[in-house]
Amino acid sequence: MASDNVAAPTAETTPVGAQALAEGRQTGSKPLNIEPFDWTKALKSSGQAAFLAGVLAFFFIGMNADIAPGGLVISYRFLALLYAVMVVFFGRLLLETFIFHAAPALSRVIASVVFVLVVVGMMAYDVPGTRQLERVLVGAGLGLAVVAVVYGVARWRNNASRRTRATDTTESRLAWLGRAATIVMLLVAAALPFIITTFFGAKDRQILDVAILIMTYVMLGWGLNIVVGLAGLLDLGYVAFYAVGAYSFALLSTHFEAIGFWTALPLAGMLAAMWGLVLGFPVLRLRGDYLAIVTLAFGEIIRIVLLNWYDFTGGPNGISGIPKPTLFGLEFTRGEGGFADFFGIPYNTIHRFVYLYYIIFILALITNFVTIRLRKLPIGRAWEALREDEIACRSLGINTTNTKLTAFAIGAMFGGFAGSFFATRQGFISPESFTFIESAIILAIVVLGGLGSQIGVVIASVVMIGGIEILRNLDFLQRIFPGVDPVQYRMLIFGLAMVGIMIWKPRGLVTTREPSAVLKEKKRIGADLVAQGEGH
């Protein structure tokens, strides 16, 4: 009879991939799976990347459509296409030498020098002699800046592979710094209108309007974070609830004089929550990509209904004359009975923008407070259990139907609140304001900031929405690159930025999470220990 104590053959347990990197960070060992550098393979990989970039960029960069009296005129920009292909080729070569392979120092120097020379050549080509030196210096600066960033990323990756786990003292210090930074950001946000009007008097209205827009996307991001970040339900049609809230307020306020902003705000949120339940019921059995496709279709259905139901929604003409919010019945208008007249101060149009800012600021704080409180309640823990593993969630006796429906309803309610504010801020809405690109931007904010991270949504909103507005004011770029409007390439720039961040920071800008349930001691955990919520 064979003995029961015979040892079984030891299985191969060598960690690979992400597990090897994670264990390497914990033990301080260097990952061993970096291939040696080979010029032939590097050039082949760079050539493939350049060919693919040339094919994809032909219609976006190589062709240009202009409206002329006789119709549409197509012109070709082969030089710009060649520049794009060269940047991709030599940029990929730079990545091959610094990041993807352990290249010798000489190979890295050669790749860096060639990249800088290529950038300088592109900047100085076909430029008059009086400006050629300036363009050469700018090109050299841009090339060296790119090389410095790539070198910094390579050093950071190497140091991360040797870095051991932080001690408890370091973690407590970082947690204290995080809380202090949060308080400072909150105080700055609360005093922002006064800071803007004091130091930016010439552009106070423009900057304050951008701050209102950023705060609106912060609120939308926090609302979607409940569905995607906490419950793990991928929603590509969140703009539908944004539209429902906006049209609910617009229709109620324009058809019933007794209903103002503060009366219609909760009604718009409840109507949006109802449509969240309508979306939730058909998708109860769907997960992952299938859920995303259905939510995307739902968002398009809402937009098409708003576009074609002319008698009710105004169709493509939209709804105008939406009333502005009042402060206890005081309107922000010039003359007797207005806000300025009541308080005895000079009339200024900035007063209404300051009031709008504080409305969306308070609404965003309410969204954040409710979300944080819900996370600590049984329903919030049920959302996180659903995100981690739906099968295990059911085995624990959690009602997944109610869990999903509450996530959709509460997330939609906050989207409806933001839509109601959008309508009163703009004074005019139309279906063109609620296209799929809005859902994509809101989802990008949540993913970029870090799924489930509240502060990450704030940072991503400032970077994405504020960055677009910064591009509108970079006039010096048009002097460096004549004929190039940075605003036209904003989506390309942010697309490249998203790709870069997803490569080097796949869990978002904020890579730590704070557990909602703890035992004995509260510690932050790495985002790689939290499920991303694909629904699998």
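If you check E171, E257, which single one turns out to be modelled with pLDDT under 80, open to solvent by 40 Å² or more (accessible area, probe 1.4 Å) and assigned by TED's automatic domain parsing to the domain that holds A385?
E257
Any idea which of I391, I366, I362 is in a helix (DSSP H, G or I) and more than 21 Å from N225 (Cα to Cα)?
That would be I391, the only listed residue that is in a helix (DSSP H, G or I) and more than 21 Å from N225 (Cα to Cα).
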For region 130-143, does any single residue satisfy the condition of being modelled with pLDDT under 80, of a type in the set (A, V, I, L, M, F, W, C), more than 34 Å from the chain's Cα centre (by Cα) and not in a helix (DSSP H, G or I)? no
Among the residues of region 212-265, what is the count of those that are in contact (Cβ under 8 Å) with a residue 12 or more places away in the chain and charged (D, E, K, R)? 1
Consider G288 carefully, then state whether it is in contact with a Ser or Thr (Cβ under 9 Å, 6 or more places away or on another chain) and surrounded by 14 or more Cβ atoms within 10 Å (Cβ to Cβ). no
Whichever residue in region 53-79 is closer than 28 Å to V153 by Cα and of a type in the set (A, V, I, L, M) and, among such residues, is surrounded by the fewest Cβ atoms within 10 Å (Cβ to Cβ): L56
Conditions: (1) in a helix (DSSP H, G or I); (2) farther than 17 Å from F414 by Cβ; (3) open to solvent by less than 20 Å² (accessible area, probe 1.4 Å). I322 meets all but one. Number of the miss? (1)
Answer from L213, L208, L267 - the residue that is aliphatic (A, V, I, L, M) and at pLDDT below 90: L208
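Conditions (1) modelled with pLDDT under 90; (2) open to solvent by 10 Å² or more (accessible area, probe 1.4 Å); (3) hydrophobic (A, V, I, L, M, F, W, C), marked per residue:
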| position | (1), (2), (3) |
| --- | --- |
| F408 | no, no, yes |
| A412 | no, no, yes |
| G416 | no, no, no |
| F422 | no, yes, yes |
| E432 | yes, yes, no |
| A444 | yes, yes, yes |
| G449 | yes, no, no |
Would you confirm whether or not region 124-137 contains a residue that is in contact (Cβ under 8 Å) with a residue 12 or more places away in the chain, farther than 17 Å from S46 by Cα and among the hydrophobic types (A, V, I, L, M, F, W, C)? yes
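The values are calculated or read from the model by the stated rules, or taken from the named source; none is laboratory data. Remember, it's a predicted structure, so these values are computed and weren't measured experimentally. A quick note on method: Cβ atoms are made from the backbone with ideal geometry, for glycine too, and the neighbour counts reach across all protein chains shown. The protein model used for the area step is the full one, side chains on, heavy atoms only, and it has no ligands, DNA or RNA in it. Shrake-Rupley method; radii C 1.70, N 1.55, O 1.52, S 1.80 Å.
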